[in-house]
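What follows is a short report on a single structure.
The values are calculated or read from the model by the stated rules, or taken from the named source; none is laboratory data. Note that the structure is a prediction, hence the values are computed from the model and not measured. Cβ placement follows ideal geometry from the backbone for every residue including glycine, while neighbour counts extend to all protein chains displayed. Accessible surface areas use protein heavy atoms only, side chains included; no ligands, DNA or RNA. Shrake-Rupley method; radii C 1.70, N 1.55, O 1.52, S 1.80 Å.
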Amino acid sequence: MLSKIIFNASHAQYTAIGVVVNARIIDLVYTRQQKMQLMIITEKPQEVVHSIQQQLRRGITIIHHAEGAYNHHPKEILFTVISLYEEGDVYNAIHQADPGAWASMWKIERTFGRFYEPRL
């Protein structure tokens, strides 16, 4: 708005476009760097693992013999680390393999070891 008053409408429009593009690029770079730990509770562990590994290149740890307290059905717990940028892809992969799966995700500070880091 201020650039419209100082300059003219076309300069204000270019300024607005520049701000939006700049914010989007910063967001893409920043979200690729944020690591999230994902815990998935499922009755279909092999299907979920296969779906995630088909859509994302991620290792997954399986904890066997969990039990749901509500219905006492046998379940498995899957752990993996993703970037915040991959949240939508992993959600789709899980939902496609097991719509009844439950997951939680939290930010982690650091990973070490053999963690695959895609190039920007």
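Counting only helical runs of four or more DSSP H residues, what would the 222 nm mean residue ellipticity of the chain come to if each run contributes -39,500 (n - 2.57) and the total is spread over all its residues?
-13500 deg cm²/dmol
If only the Cβ of Lys and Arg carry +1 and only the Cβ of Asp and Glu carry -1, the dipole of the chain around its Cα centre is close to 520 debye.
Only helices reaching 27 angstrom along their own axis (Cα) with mean Kyte-Doolittle hydropathy no lower than -1.0 count here, and for the DSSP H runs of the chain these are 9-33. Backbone phi angles across the stretch 75-82, fed through the Karplus curve with coefficients 6.51, -1.76 and 1.60 (θ = phi - 60°), yield HN-Hα couplings of 9, 10, 10, 10, 10, 7, 10, 10 Hz in residue order; Gly and Pro are listed as x. Accessible-area rank, largest first, for 44, 35: 44, 35, with all protein chains present and a 1.4 angstrom probe. Looking at the stretch 11-120, the accessible area is 72 square angstrom per residue; that uses a 1.4 Å probe and ignores ligands, DNA and RNA.
Scattering from the chain was approximated by placing one identical point on each alpha carbon and applying the Debye formula without solvent; log10 I(q)/I(0) at 0.19 1/Å stands at -0.99. Dipole of the chain computed with +1 at Lys/Arg Cβ and -1 at Asp/Glu Cβ about the Cα centre; of 45, 26, 80, farthest Cα towards the positive end is 26.
Peptide packing: for 46-56, 97-107, the average count of neighbouring Cβ atoms within 10 Å per residue gives the ranking 46-56, 97-107, highest mean first. Out of the total accessible area of the chain (probe 1.4 Å, heavy atoms of protein only), what percent is carbon and sulfur? It is 57 percent, rounded to a whole number.
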